[in-house]
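Colleague: Submitted below is the structure of interest, expressed as structure tokens.
The values are calculated or read from the model by the stated rules, or taken from the named source; none is laboratory data. Computed from a predicted structure; not experimentally measured. For neighbour counting, all protein chains shown are included, and Cβ atoms are generated from backbone atoms with ideal geometry for every residue, glycine included. In case anyone asks, the SASA skips ligands and DNA or RNA and just uses the protein heavy atoms, side chains included. Shrake-Rupley method; radii C 1.70, N 1.55, O 1.52, S 1.80 Å.
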Amino acid sequence: DGGGGHNRHHHRHDEESLELTASHAVGFLVMASTSLLVLFFFKIYNLVKVMYAFGCSGAFAQIMVHPGLTKMCQKLRWDRPLNNIQWLNEESATREALRGGCKGHCMNCLWSFFGPITPVDVAAMILSYGVGAVWLWVAFTVPHPDTVAFYWLVQDIFGLCMCMLFLETIKLNAIKVGAVLLIVAFFYD
């Protein structure tokens, strides 16, 4: 891809797909029911809001913000934000790790966890998690956050992004698995 990271996201989706089986569908019922019982008995609703904000911020970045920023950079013919950050590559991370010290350890961890990073990746994460943090702040500080348009609009957009990411990642290999998933979702509901 010419040193840029903009094509790696397309290939990553193929690698991250998961084929569901009937046991996954039953496992979903068990885990979801257990989660609801824990929520009900321990009344940890605020923890769910935090998990929702951070989980959906990642989905928002992946589904809307990153593709939007990438398309904007391509339309404006800005190639630099689409290219990998030069100081964070495998060679420099390995070299710094061999020297020892905190910098080498941090660079090696970043490289091994994230791989190549572009400025668009960083900007998408900052924007998405910033929106998630503001949504969370509204959720915890406003007495009735559902009356604030920003709150419910962002919540709906986050939910949409999470559903789209789920549909992009999960693959059903047989109609039987889909039927089992629908049946267990019926009993879960």
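Colleague: State yes or no: is Phe40 assigned to a helix (DSSP H, G or I), open to solvent by 90 Å² or more (accessible area, probe 1.4 Å) and touching a residue at least 12 places away in the same chain (Cβ under 8 Å)?
Modeller: Details: assigned to a helix (DSSP H, G or I): yes; open to solvent by 90 Å² or more (accessible area, probe 1.4 Å): yes; touching a residue at least 12 places away in the same chain (Cβ under 8 Å): no.
In short, no.
Colleague: Look through region 115-134, keep the residues that are among the small types (Gly, Ala, Ser) and not in a loop (DSSP other than H, G, I, E, B), and return whichever of them is surrounded by the most Cβ atoms within 10 Å (Cβ to Cβ).
Modeller: The initial filter retains those residues of region 115-134 that are among the small types (Gly, Ala, Ser), namely 115, 123-124, 128, 130, 132-133.
So of that shortlist, the ones also not in a loop (DSSP other than H, G, I, E, B) come out as 123-124, 128, 130, 132-133.
Values: Ala123: 16, Ala124: 22, Ser128: 24, Gly130: 11, Gly132: 22, Ala133: 13.
Per the stated criteria, the residue is Ser128.
Colleague: Can you name the residue in region 68-86 that is closer than 20 Å to Gly115 by Cβ and part of a loop (DSSP other than H, G, I, E, B) and, of all such residues, is most open to solvent (accessible area, probe 1.4 Å)?
Modeller: First pass over region 68-86, keeping only residues closer than 20 Å to Gly115 by Cβ: 69-70, 73, 79-86.
If we keep only those that are part of a loop (DSSP other than H, G, I, E, B) as well, we get 79, 84-86.
Numbers: Asp79: 103, Asn84: 42, Ile85: 35, Gln86: 136 Å².
Selected residue: Gln86.
Conditions tested, residue by residue: (1) of a type outside the set (Phe, Trp, Tyr); (2) modelled with pLDDT under 95.
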position: Phe113; (1), (2): no, yes
position: Ile117; (1), (2): yes, yes
position: Tyr129; (1), (2): no, no
position: Tyr151; (1), (2): no, no
position: Leu167; (1), (2): yes, yes
position: Ala174; (1), (2): yes, yes
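Colleague: Quick one: count up the residues across region 158-184 that are closer than 15 Å to Leu29 by Cβ, within 26 Å of the chain's Cα centre (by Cα) and in contact (Cβ under 8 Å) with a residue 40 or more places away in the chain.
Modeller: Of the residues in region 158-184, the ones closer than 15 Å to Leu29 by Cβ are 177-184.
Still in the running and within 26 Å of the chain's Cα centre (by Cα): 177-178, 181-182, 184.
Next, only the ones that are in contact (Cβ under 8 Å) with a residue 40 or more places away in the chain stay: 177, 181, 184.
Final tally of qualifying residues: 3.
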